[in-house]
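Below you'll find the structure, written out as structure tokens, and then a few comments.
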Amino acid sequence: QVQLVESGGGLVRPGDSLSLSCVSSGRPFSWYGFAWFRQTPGKEREFVAAVGRGIAATYYTDSVRGRFTISRDDVKNSVFLQMHNLKPEDTAIYFCGATTRVDYELRDSYSYWGQGTQVTVSS
């Protein structure tokens, strides 16, 4: 089993920055690729960004590329999402997921999820 705990969400204004963290425990951190997904009421959970195992290749959905950066720290068993130039449409609950598969953009690839952290972007 893998336990994931997200933190760092909050209320910010458009154009602000925010950093999310996800701490993993349980099975070896290096076994897994990780991703951030987000979800708003009435909509499906959507892919935001992912970081793979090993060389830690990164992947982004088009709407956040250039504004968000995902990274991992295999010593701290943590995954981070740095978000810049936030927009109201970034408002959502952000979830951290762990997978041993390589099709990172597919929600069904992920075996483990955290409880989510709310990000609200509003003036």
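The values are calculated or read from the model by the stated rules, or taken from the named source; none is laboratory data. Source: prediction; values computed, not measured. Using ideal geometry, Cβ is built from the backbone for each residue, glycine included, and neighbour counts are taken over all protein chains shown. Side chains are part of the model used for accessible areas, which takes the heavy atoms of the whole protein and leaves out ligands, DNA and RNA. Shrake-Rupley method; radii C 1.70, N 1.55, O 1.52, S 1.80 Å.
Using the Cβ atoms and a cut-off under 14 Å, what net charge is assigned to the surroundings of THR117, where Lys and Arg are +1 and Asp and Glu are -1? Numbers along the way, then the final one.
On the way: positive: ARG38, ARG45; negative: GLU6, ASP90.
Neighbourhood net charge equals 0.
Return an integer: the convex hull volume of the alpha-carbon atoms of the chain, in Å³ per residue.
93 Å³
From a point 7 Å beyond the Cα of TRP31 in the direction of its Cβ, which residues of region 85-123 have a backbone N at a distance under 13 Å?
Output list for this probe position: 98-101, 111-112.
Using the charge dipole of the chain (Lys, Arg: +1 at Cβ; Asp, Glu: -1 at Cβ; taken about the Cα centre), state which of LEU81, GLN39, ILE55 has its Cα farthest towards the positive end.
ILE55
Can you give the net charge of the other residues whose Cβ lies under 10 Å from the Cβ of GLU46, counting K and R as +1 and D and E as -1? It would help to have the intermediate numbers written out before the result.
Working: positive: ARG38, LYS43, ARG45, ARG107; negative: GLU44, GLU105.
Every neighbour counted, the sum reads +2.
Under the classification rounded if a/c is under 1.5, otherwise prolate if a/b is larger than b/c and oblate if not, where does region 27-72 fall, given a ≥ b ≥ c as square roots of the Cα gyration tensor eigenvalues?
oblate
Quantify, in whole percent, the carbon and sulfur part of the accessible surface of region 24-87 (1.4 Å probe; protein heavy atoms only).
Whole-percent figure for carbon plus sulfur exposure: 48.
Give me the log10 of I(q) over I(0) for region 2-62 at q = 0.18, 0.19 Å⁻¹, as the Debye formula computes it from C-alpha points; what are the numbers?
Debye output, listed in q order: -0.85, -0.93.
Calculate one ³J(HN,Hα) per residue across region 72-77 by plugging θ = phi - 60° into the Karplus curve 6.51 cos²θ - 1.76 cosθ + 1.60, and present them in order as whole Hz with x for glycine and proline.
Those phi angles translate into 9, 10, 6, 7, 8, 6 Hz.
About the Cα centre of region 21-123, what is the dipole size in debye to 20, counting +1 per Lys and Arg Cβ and -1 per Asp and Glu Cβ, all else neutral?
160 debye
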